[in-house]
Amino acid sequence: MTKNNVRIQPSRFNLINISSGRAEWRAIVEDSVKKKDVLNPAFWALVALKLRNSGVLPRIEIFPDNLEWLLEVVVTEIGKTHLVVKEVNYSDLTVKTADVKKSIPKEFVVKYAGPHSKWRVINPDGAVVKDKLENRKYAEDFLKNHLIALGN
C-alpha cells in the first residue's frame, strides 16, 4: 500500500461519546501513519458513512499506537467515501532526550508499544526484554534492575 492509499481501518475507529447533539470519535492509527495522511479526505474512506448522523461538527481524536502524537480534528464535510477534517489541536507526545534518565544505556530502548503491549524494554539487538509494563517509570525501573542483575 503506497502512502497515497493510507486508510483508517474500521476496527481502529470508534464512537467514544455523544452529547449535546455532537459525536466524538477516536481513531487509533498505525505508527507509520502521519498527520498529513489523516488530513487527506481519502484516509477516511472506509469509515465515512459511520459519521452520517454525528450532528454538527463531529470531533475525532487521533493518535498512533506508540502515542507519539495526538491530533484533534473537526469534520466539516461528510461524503460517502471521504471526510474533510480541519485541525483543532496537535500535540507532540514524544519524550525529549533531556527527559530520559541518564542512567539508562543508549543501547536499550524504553517505549510505548500500544494498548496491548503497553510499555516495553528493548535490548540492543532489538529483542523485547519485557513488555506489558503499566507506565514509563515501571519500564525504566525494570531496566535498571535488569542491568544490575546482568552486572552492569
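Scan the stretch 106-122 for residues that are surrounded by fewer than 14 Cβ atoms within 10 Å (Cβ to Cβ), free of Cβ contacts under 8 Å to residues at least 24 places away in the same chain and not charged (D, E, K, R) and jot them down. If the condition is that a residue be surrounded by fewer than 14 Cβ atoms within 10 Å (Cβ to Cβ), free of Cβ contacts under 8 Å to residues at least 24 places away in the same chain and not charged (D, E, K, R), then H116 is the only one that fits. When the criteria are applied in full, A23 meets the requirement of being within 14 Å of V85 (Cβ to Cβ), of a type in the set (A, V, I, L, M), touching a helix residue (DSSP H, G or I) at 6+ places or on another chain (Cβ under 8 Å) and modelled with pLDDT under 90. Scanning the stretch 7-19 for residues that are at pLDDT 90 or above and either assigned to a loop (DSSP other than H, G, I, E, B) or of a type in the set (S, T, Y) (or both) yields R7, I8, Q9, S11. Looking at P58, is it within 17 Å of I78 (Cα to Cα), over 13 Å from the mean Cα position of the chain (by Cα), exposed (fewer than 15 other Cβ atoms within 10 Å of the Cβ) and not small (G, A, S)? So P58 fails the test. Taking the criterion of being under 20 Å from I28 (Cα atoms) and among the polar types (S, T, N, Q), the residues of the stretch 115-138 that qualify are S117, N135. Scan the stretch 132-149 residue by residue and report those that are under 19 Å from the mean Cα position of the chain (by Cα) and either surrounded by fewer than 16 Cβ atoms within 10 Å (Cβ to Cβ) or polar (S, T, N, Q) (or both). Selection gives K132, E134, N135. Filter the stretch 8-20 for residues that are out of contact with any helix residue (DSSP H, G or I) (no Cβ under 8 Å at 6 or more places or on another chain) and exposed (fewer than 12 other Cβ atoms within 10 Å of the Cβ); which is farthest from R59 (Cα to Cα)? Ranking the qualifying residues of the stretch 8-20, first place goes to S11. Scanning the stretch 77-96 for residues that are modelled with pLDDT of 90 or more and in a loop (DSSP other than H, G, I, E, B) yields a count of 4.
Scanning the stretch 21-39 for residues that are buried (at least 19 other Cβ atoms within 10 Å of the Cβ) and more than 15 Å from the chain's Cα centre (by Cα) yields a total of 1.
The values are calculated or read from the model by the stated rules, or taken from the named source; none is laboratory data. Just so we're clear, the structure is a prediction, and the values are computed from it rather than from any experiment. No Cβ is skipped: glycine too gets one built from the backbone with ideal geometry, and neighbour counts run over all protein chains shown.
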